[in-house]
Amino acid sequence: MSMFKPRPVKLRPVTLSSDESEDTIYSMSVTPGKETAEFSTVSIQQLPGQAVMLDSKASENRLNQEAIASYIAALIPIQPEAIQPKELKAREGVLQYQNRLIRYYAVIDEGVLTLWIAGQVYRFEMLQTPCPDKKGRPENRKENRKGNKESTENSKRGSSGSLTLVAPMPGSILSIAVQQGDTVEAGQCLMMMESMKMELTLSAECAATVAKINCKPGQQVALNDVLIQLS
Amino acid sequence: MNKTSQQPLFKKILVANRGEIALRIIKTLKEMGIASVALASTPDKTALHAQLADEVIFLEGNTSRETYLKGDQIIAMAKTLGVDAVHPGYGFLSENAAFAASCEANGMVFIGPAPQVIEQMGNKVHAKALMEKAGIPVIPGMLLTLDDAGKQAEEIIPFVATPATLAAIANIGYPVIVKASVGGGGRGMRRVDSEKQLLEAVESARRESRQAFGNNEVFIEKYIEQPRHIEFQVLGDLHHQFIHLFERECSIQRRHQKMIEESPSVMLDVDLRHTMGAMAVKAVETVGYTNAGTVEFIVAPDGSFYFLEMNTRLQVEHPVTEMVTGYDLVRLQVMIAARQPIPFKQKDLRLTGHAIECRVCAENPLRSFMPATGQLTFFRPPAMPFVRVDSGFAEGDTISMHYDSMLAKVIAYGVNRQDALDKMQQALAEFVIVGIENNIAFLQAILQHPLFVAGKLQTHFIEEAMPLLLEHATPAKPADWPVDVLLTAGLLLEQNAQAAMANTGNGRGVFDEANADALYNPWFNLPENRRLQP
């Protein structure tokens, strides 16, 4: 659970002007549950033994999007599902670090922080959290996520890594060239996948027997889904 | 050029495409005072191209086959809206002769060449023969007619090379390349350096082609070492005027798909440009081509060139030509379709400056360019002088697996190549994309590769330069990350954690006024090792 989770929003136009942040310096207006929250301004006190000042003026992208979308939805009642707010667990802002201003764009998803600063993308995983309740913990959610795919993990562990064929990309299955019980040689085509107009031939890495086929032609699969189990 | 104050050339044009090209076409139609009709599949229901059009035909379904390729349904719906012309863009129905014919049969002008020309050029073997007859150089080659009856055969009849076949191949000269007759994307291609390797290469190319396309017909062609892919933009009108708008060099490819294109090509001097341009014009004259098209050539290091194929549509990379000639190709296409003459002569055209295009795609170059899907949580294309960005996406859009992985085309224009390269570097550095994997870092690595900078391009550039490119495109190790990045990350992660804590309990946020400072101090509860050390 992040601070960017959906909150009730009043139907009213939202000004996107950043002028408002002038009034809210040093106040924590990203208060969860406060419907007026639009901007956050964070000041960090001097850390012991050093003179680093860090200022954050971060607009809450998600809240604004949601508010605007609700507002538009109220005005134009046609196709309301088409103007649903887009899920954005995102924030952008400017930080002052010494004599530099740093513009950042950040996305927090599944306990992973992706950060764009000065043309470079950095990824951080959230290793610990002070959250006392396990339900909302990102790392816990991650475990749940793995739990859902337990069979996937097991099958990978149960046989040696190369003996399962996993989807190297999200996409759909075009055709399957083998049947359960078939013996295949190294390099033999097992199936064809398609994603974004790109066709991909998936081949056996070593000689094996097809133990189980977990997909069928036309089916859509996610990245790393186990498609075929070999033995 | 047509002025908007004049009578519009058409009343309403259907743009039978999606994404950036649909958006780009609609913008020109608006300039010309022509109403536009867009197509939108279910995932594209709120896409930019559909937003900008005057009317939208909503197509239920996700895949191309269910939506943008349903020519009959699209034509029927367009007819009820009073559409009088159809622009097919690129891909989808753009090179479908039956669709073009059906448009015409239903009283709508197809903005492109005549259906029979599309068909003629669509068959690569036929097109090559036609060009050879017209005196245009083609790559020497031959079809291996092994088992004509067995094209769909389940079993492959083993290839037996007759002495005549072997002599013919020797006559072409090794190295040769074995290619599958159908399909594309580089599958079924094998390089053969000597007769000894021939048998195995043919067998494996046939096997792969059969598995992929259910057809095991292959042909043999002379293998050109260090080939460049250079194409000419051509135009033909209904008044028998044929013109070329110079070349585009498209040698930077991965998986046989173009990644970076530029005009002019450093390979061509004035004479070679003139010679190749004349051949391109001859090619379109031969088939009586109308509207915009592209004649593709393979160019060897010694300057010898060979006809490869003709694309009977607007190309993805058409903007580089627009930048160096100053002409809007879509506007010219519409004018030609309205039976107007091309508004200039060959001698009036000038190639000015240098333009480069980079295709920004949702893919992971570190994992052999696997396409990526996801959401464009942040999407801020660069905005700077002499840079054009063509994109069909807006921030927040979802990139689905059903369509092309191209997110945007960045086109930089400079007084010369180096100037254009510098501007492109700056543009890519400013391009903010967060939420989906993309090839920006990889494009930047190509742009600074010594061989690329020197203009020493060839179609195998990426595979040969891969080790160095990967080194440049791989993110730095965390230990080398700048302090400001770590600080920002720390701040955001802590804020997130604090918020998660504040959100526990009643499921609704609780703001504790008394502990506000402690709670929101990002360094609250921060372990020693994550604090910034002086």
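The modelled label-to-label distance between B:Ser368 and A:Asn214, using points 7 Å beyond Cα along the C-beta direction, is 2.0 nm. Ranking B:Gln444, B:Ser36, B:Phe305 by how far each Cα lies toward the positive end of the dipole of chain B (charges on Cβ) leaves B:Ser36 at the top.
Counting Cβ atoms of other protein chains within 10 Å of each residue's Cβ and taking the mean over peptide A:190-201 gives 6. The distance from the alpha carbon centre of the stretch B:63-103 to that of the stretch B:268-329 is 26 Å, rounded to a whole number.
Helices meeting the span-like rule in chain B (full DSSP H runs, Cα extent of at least 24 Å along the helix axis, mean Kyte-Doolittle score of -1.0 or higher): B:270-287, B:483-502. In chain B, taking the dipole from charged Cβ atoms about the Cα centre, the farthest positive-side position among B:Leu268, B:Leu428, B:His244 is held by B:His244. Among the listed pairs B:Lys45/B:Lys70; B:Lys133/B:Lys282; B:Lys30/B:Lys70, those whose Cα-Cα separation exceeds 19 Å are B:Lys30/B:Lys70.
Put simply, the amide H of B:Ser251, placed in the peptide plane, has neighbours under 5 Å in B:His229, leaving out anything fewer than 5 places away on its chain. Contact order for chain B, expressed relative to its length and based on alpha carbon pairs under 8 Å spaced 6+ residues apart, stands at 12 percent.
At q = 0.05, 0.08, 0.09 Å⁻¹ the log10 of I(q)/I(0) for chain B amounts to -0.25, -0.61, -0.75, computed by Debye summation with a single uniform scatterer per C-alpha, solvent ignored. Here the simple spin-label model places points 7 Å from the Cα toward Cβ, and for B:Gln340 and A:Gln120 these points are separated by 5.1 nm.
Under a 5 Å amide H cut-off, with hydrogens placed 1.01 Å from N, B:Gly61 pairs with B:Thr42 among residues at least 5 apart or on other chains. Among B:Ile336, B:Ile436, a tally of other beta-carbon atoms within 10 Å of each Cβ gives an order, fewest to most, of B:Ile436, B:Ile336.
Summarising the amide proton neighbourhood of B:Tyr223: residues at separation of 5 or more, or on other chains, whose placed amide H is nearer than 5 Å comprise B:Val176, B:Ile177. Label separation (B:Asp269 vs B:Gln73): 5.7 nm, computed from points 7 Å beyond Cα along the C-beta direction. The stretch B:346-479 gives an Rg/Rh value of 0.99, both radii derived from C-alpha positions and Rh following Kirkwood. Here the 3J(HN,Hα) profile of the stretch B:291-308, calculated from phi with Karplus coefficients 6.51, -1.76 and 1.60 at θ = phi - 60°, is 6, 8, x, 9, 9, 9, 10, 9, 10, 7, x, 7, x, 6, 10, 9, 4, 9 Hz, Gly and Pro shown as x. Each of A:Met193, B:Met142, B:Met131 has some number of other Cβ atoms within 10 Å of its Cβ, and from fewest to most they run B:Met142, A:Met193, B:Met131.
Cβ crowding within 10 Å ranks A:Cys206, B:Cys361 as A:Cys206, B:Cys361, fewest other Cβ atoms first. If R0 is 41 Å, the Cβ-Cβ spacing of B:Leu486 and B:Ala454 corresponds to a FRET efficiency of close to 0.65. Sparsely packed loop sites in the stretch B:196-276 (the GluC sites (Glu not before Pro) outside DSSP H, G, I, E and B with at most 15 other Cβ atoms within 10 Å) comprise B:Glu225.
Only the coordinates and a few stated rules stand behind these numbers; no lab work does. Since this is a predicted model, take the numbers as computed values, not measurements. With ideal geometry, Cβ positions are generated from the backbone for all residues, glycine too; neighbour counts draw on all protein chains shown.
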